[in-house]
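Structure first, commentary second.
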Amino acid sequence: MEGLAMLRQLIGQLQELVGSHPPPPHYQHHLQLQLQLPPLLRHRHSQQPQQDHHHHHHLLRWCPINVDEGSADDYYSFMMAAGKSGSYKMMEPCKPPPTKRSRKERTRGKSSETTNTTEPMEQHIWKDFPEDLYEAVIARLPIATYFRFRTVCRKWNSLLDTESFSQHCAEVPQTTPWFYTITHENVNSGAMYDPSLKKWHHPTLSSLPTKLIVLPVASAGGLVCFLDIGNRNFYVCNPLNQSFKELPARSVKVWSRIAVGMTLNRSSTSGGYKILWVVCDGEYEVYDSVTNSWTRPGIMPSGVKLPLSLNFRSQAVSIDGTLYFMRSDPEGIVSYDMATGIWKQFIIPTPLHLTDHTLAECGGRIMLVGLLSKNAATCVCIWELQKMTLLWKEVDRMPNIWCLEFYGKHVRMTCLGNKGLLMLSLRSRQMNRLVTYNVSSREWLKVPVCVVPHGRKRQWIACGTAFYPTPTAVP
């Protein structure tokens, strides 16, 4: 018993020493093995190289001996007898480490585990779930997911027509716009691009006239404004829910090219919207959806130089109910406040060697995007308008490795959307590229090729505009 007490005391002291000054993990493991081995095996184990120690750490499982049971003599005699007879093994071989499974097998295993652990929904609990919470959750689903959910039942399919669901959708902040584009191959039908899923959709807008070529020229609140190629008739449509409206004829017959802008009266289309068209000689009109009529609020003030020399390649930018149009001679911007009906002119020099430039906006900031060409090099650059100095400041440009593709080529650029996320069409005789640029994150991404539905033929984008997808918006 005295030997057993001494052995216990020694082990206790070692444990206290290890607890107060813990060695590195591999020494802790080595010390534990030393304490578990009998003297003969302990000396033999201490002489093993470090790599053997790690090898046995992975391949062997050690069985500790309970010292509290029996006497010290019994302990030593038991160990010696076991070593001679081989009836007791201190080291028990374990199974080899499992082989690495393929990703497909791991995915299958996870899905089966998930399926097995899924609990059935209790009907007596979910039948009393509040209806307004259903609508609040569905309103926050991704657009593509929402349209799949509409097929669940008639009630969910009819949500588009309910005022409560429209209010829930209006409360959801608009983050990423979609793009409605027209292709050269099929000018009578559009192609929509969802940047969150990087996927093209091909809606069929049966309500739009098929005998006329109509082009998207502006958008607001999920509605897209179309203008026929003869600059005569306006149409407003929601590409998601297929709602459509042909606007009444304009009171002023203008056959020259016009610039168009669109704003909301309030935060959503339920409060109505307005559309402005203006020509270079200063003639303009405003359409109000509340009264469903065109009006001529006044004449262009004398402080705005005529003709306007509008840049028709640049779409109008809408910020807080004010429309901004790019002009030349003099270079700058003209603005129109939809609420007050006041025109303003800002003289802003355009950066040198700039072509195909267009306005954009992000979070209330006015941006400029264009092609900067010098000698044989061409690059896409981004500028921000400084409000204090009314000068353009370069804030970003396309990565150099992308710009190398333009070297020595006559590249033309079209901006298809200017609402925080820009879609740029870059083309020449040798190439045709679509890229997006996020103004906030300064991220450049390539857009997948747009192909004909159920086919492989590539479609070439002619024009387009950005719009915030809103399933409940109606003209």
Next item on the list: Take G298 and decide whether it is loosely packed, with under 15 Cβ neighbours inside 10 Å and touching a residue at least 40 places away in the same chain (Cβ under 8 Å).
Entry: yes
Margin query: Between a residue in segment 123-143 that is under 18 Å from C169 (Cβ atoms) and any residue that is part of a loop (DSSP other than H, G, I, E, B) and open to solvent by 70 Å² or more (accessible area, probe 1.4 Å), which pairs come within a Cβ distance under 8 Å, given they are 6 or more apart or on different chains?
Written below: P142/S196; P142/L197
Margin query: Just the residues that are open to solvent by 10 Å² or more (accessible area, probe 1.4 Å) and either outside any strand (DSSP E or B) or over 21 Å from L264 (Cβ atoms) (or both), please, taken from segment 328-344.
Written below: S328, D329, P330, E331, M338, A339, T340, G341, I342
Margin query: Take residues that are buried (at least 19 other Cβ atoms within 10 Å of the Cβ) and hydroxyl-bearing (S, T, Y) and tell me which of the strands (runs of 3 or more DSSP E) falling wholly in segment 244-292 contain 2 or more.
Written below: 284-288
Item checked: Leading residue by the ranking (nearest to L212 (Cα to Cα)) among those in segment 228-243 that are of a type outside the set (A, V, I, L, M, F, W, C) and open to solvent by less than 20 Å² (accessible area, probe 1.4 Å) -> D228
Checklist line | In segment 352-372, the residues that are of a type in the set (G, A, S) and open to solvent by 40 Å² or more (accessible area, probe 1.4 Å) | finding: G363
Next item on the list: Please determine, by comparing only the residues of segment 128-150 that are closer than 24 Å to Y193 by Cα and not aliphatic (A, V, I, L, M), which one is farthest from the chain's Cα centre (by Cα).
Entry: R150
Next item on the list: Please specify each residue of segment 457-475 satisfying the condition of being assigned to a strand (DSSP E or B) and open to solvent by 20 Å² or more (accessible area, probe 1.4 Å).
Entry: R458, A462, C463
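Would you call I182 in a helix (DSSP H, G or I) and open to solvent by less than 20 Å² (accessible area, probe 1.4 Å)? Let's see the steps before the verdict.
Working: in a helix (DSSP H, G or I): no; open to solvent by less than 20 Å² (accessible area, probe 1.4 Å): yes.
Judged against the criteria, I182 is not a match.
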Margin query: Looking at segment 202-225, can you tell me whether even one residue there is in contact (Cβ under 8 Å) with a residue 40 or more places away in the chain, over 21 Å from the mean Cα position of the chain (by Cα) and assigned to a loop (DSSP other than H, G, I, E, B)?
Written below: no
Item checked: Residues being over 12 Å from Y468 (Cα atoms) and open to solvent by 10 Å² or more (accessible area, probe 1.4 Å) - total across segment 217-226 -> 1
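The values are calculated or read from the model by the stated rules, or taken from the named source; none is laboratory data. The structure displayed is predicted, hence computed values, not measured ones. Note: ideal-geometry Cβ built from the backbone for every residue, glycine included; neighbour counts use all protein chains shown. Heads up: the accessible areas ignore ligands, DNA and RNA and are worked out on the full protein's heavy atoms, side chains in. Shrake-Rupley method; radii C 1.70, N 1.55, O 1.52, S 1.80 Å.
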